[in-house]
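The values are calculated or read from the model by the stated rules, or taken from the named source; none is laboratory data. For clarity, every value in this text was computed on a predicted model and none was experimentally measured. Here Cβ is always computed from backbone atoms with ideal geometry, including for glycine, and neighbour counts include all displayed protein chains.
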Amino acid sequence: MHIVSTVKDMRQVIREVKVENNTLGFVPTMGYLHEGHLSLIKRAKLENDIVIVSIFVNPTQFGANEDYDIYPKDFKRDKQLAETAGADYVFYPTVEEMYPTGYKTSVDVSEITDRLCGASRPGHFKGVTTIVNKLFNIVEPNRAYFGLKDAQQVAVIQQMVKDLFMNVEVIPCSIVRESDGLAMSSRNVYLTQQDRSAALILSKSLMKAKKIINEGERDLKIIRNTIIESISKEAPVSVEYIEIIQFPSLEKIDILEGKVLIALAAKVGRVRLIDNVILEVQK
Ligand SMILES: Nc1ncnc2c1ncn2[C@@H]1O[C@H](COP(=O)(O)OP(=O)(O)OP(=O)(O)O)[C@@H](O)[C@H]1O
Ligand SMILES: CC(C)(CO)[C@@H](O)C(=O)[O-]
Ligand code: BAL
């Protein structure tokens, strides 16, 4: 596995691997890899000749009071994990490389970025779509793999790819969970032991909602309240949002039907976590 840190060198690699008509699978990450990331890399390896993983903590998607400065990092460990999972190249640029002095261009998807995480993290998705666009322009992948843990991110990137006629297939990948149900996240490392136990209520409440829907419940208020009630019993968890919406349009719904996303964000102690389930609901 090779580490590449400049745009120029990455482009040279892409030119070389494309000569032989290899297909390219791309997995963008912010590093501190876990089984969630590795599942994306493994899938990319199964479906493509060459797999490129990027590791870049993108400053423009963090708000001023967020955790950019303390975001967990362990490049040595990431390298080993990425290689074992099947990565051929890791693109590991500096902030200066991705945002050279004087850059002026951003990419912004409207409307669907105003809700859910976009409402609580203003400017977040503009940072995400800008960096993903830059990365796509450098790597020129055939397929790009994104986790459904960030379901809104998947919807936003699909919209960007469609609107800008980008020549890449976005592949949404299932959420990988710890054995007790907690969605894997690099930020789980911030949780104290007590908060780690409390955080379990997020996946548990989503599973409870899924269960009552499977048993026939269709009242959106009842479903939402079921989630809120179970979470509110669990200190120190405070809900930021719970949304039941259509996926991937992220449109509001009055009737529970079709592909439905139940997404939530919550603070567990000082750590902000997200989780969701996507259900296919018959009326
Ligand atoms: N548990 C998971 N299952 C599947 N994919 C995941 C999981 N966690 C992250 N991913 C995906 O990995 C890619 C890189 O995500 P990122 O590096 O931000 O990791 P993360 O664990 O989501 O970090 P954080 O939760 O701190 O934002 C994204 O497409 C994300 O959706
Ligand atoms: C897609 C991404 C790598 C862009 O920085 C990031 O938002 C993430 O890790 O999900
Ligand atoms: N996985 C989303 C990256 C972020 O929280 O900024």
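Can you tell me which residue within region 116-147, out of those that are of a type in the set (D, E, K, R) and in a helix (DSSP H, G or I), is farthest from Val239 (Cα to Cα)?
The extreme case among them is Lys134.
Residues of region 113-165 being among the charged types (D, E, K, R), within 17 Å of Arg272 (Cα to Cα) and more than 10 Å from ligand 2 (Cβ to nearest atom), which ones?
Arg115, Arg121
If you take the residues of region 1-57 that are charged (D, E, K, R), at pLDDT 95 or above and touching a strand residue (DSSP E or B) at 6+ places or on another chain (Cβ under 8 Å), which of them is farthest from ligand 3 (Cβ to nearest atom)?
Going through the qualifying residues, I end up with Asp49.
Against the definition (in the same structural domain as Phe125 (by TED's automatic domain parsing), in contact (Cβ under 8 Å) with a residue 40 or more places away in the chain, surrounded by fewer than 20 Cβ atoms within 10 Å (Cβ to Cβ) and in a helix (DSSP H, G or I)), how does Glu83 come out, yes or no?
Yes; evaluated as a whole, the condition is true for this residue.
Any residue that is surrounded by fewer than 21 Cβ atoms within 10 Å (Cβ to Cβ), among the β-branched types (Val, Ile, Thr), within 16 Å of ligand 3 (Cβ to nearest atom) and assigned by TED's automatic domain parsing to the domain that holds Val57 - is there at least one of those in region 131-150?
no
Quick one: is Val154 within 16 Å of ligand 1 (Cβ to nearest atom), within 15 Å of Pro59 (Cα to Cα), within 16 Å of the chain's Cα centre (by Cα) and part of a helix (DSSP H, G or I)?
no
Residues are listed down the side, and each one gets a yes or a no for (1) surrounded by fewer than 15 Cβ atoms within 10 Å (Cβ to Cβ); (2) within 10 Å of ligand 1 (Cβ to nearest atom); (3) within 22 Å of Asn133 (Cα to Cα); (4) not assigned by TED's automatic domain parsing to the domain that holds Asn167:
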residue: Ile52; (1), (2), (3), (4): no, no, yes, no
residue: Asn58; (1), (2), (3), (4): no, yes, yes, no
residue: Ala64; (1), (2), (3), (4): yes, no, no, no
residue: Arg77; (1), (2), (3), (4): yes, no, no, no
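Looking at the structure I just gave you, is Leu182 of a type in the set (A, V, I, L, M) and touching a Lys or Arg at 6+ places or on another chain (Cβ under 8 Å)?
Taking the combined requirement at face value, the residue satisfies it.
Quick check on this structure: which one of Ser185, Ser179, Ser174 is surrounded by fewer than 18 Cβ atoms within 10 Å (Cβ to Cβ) and either in the same structural domain as Ile70 (by TED's automatic domain parsing) or within 17 Å of the chain's Cα centre (by Cα) (or both)?
Ser174
Kindly check whether there is at least one residue in region 38-50 that is farther than 16 Å from Ala144 by Cα and surrounded by fewer than 14 Cβ atoms within 10 Å (Cβ to Cβ).
no
Does at least one position in region 193-208 carry a residue that is outside any helix (DSSP H, G or I), within 16 Å of ligand 3 (Cβ to nearest atom) and crowded, with 17+ Cβ neighbours inside 10 Å?
Yes.
Residues in region 91-103: is at least one part of a loop (DSSP other than H, G, I, E, B), over 20 Å from the mean Cα position of the chain (by Cα) and surrounded by 16 or more Cβ atoms within 10 Å (Cβ to Cβ)?
yes
When region 125-153 is examined, which residues are found to be under 18 Å from Leu261 (Cβ atoms) and of a type outside the set (D, E, K, R)?
If the condition is that a residue be under 18 Å from Leu261 (Cβ atoms) and of a type outside the set (D, E, K, R), then Phe125, Val128, Phe146, Gly147, Leu148, Ala151, Gln152, Gln153 are the ones that fit.
If you check Asn214 against the conditions, is it touching a strand residue (DSSP E or B) at 6+ places or on another chain (Cβ under 9 Å) and surrounded by 15 or more Cβ atoms within 10 Å (Cβ to Cβ)?
Against the criterion (touching a strand residue (DSSP E or B) at 6+ places or on another chain (Cβ under 9 Å) and surrounded by 15 or more Cβ atoms within 10 Å (Cβ to Cβ)), Asn214 does not qualify.
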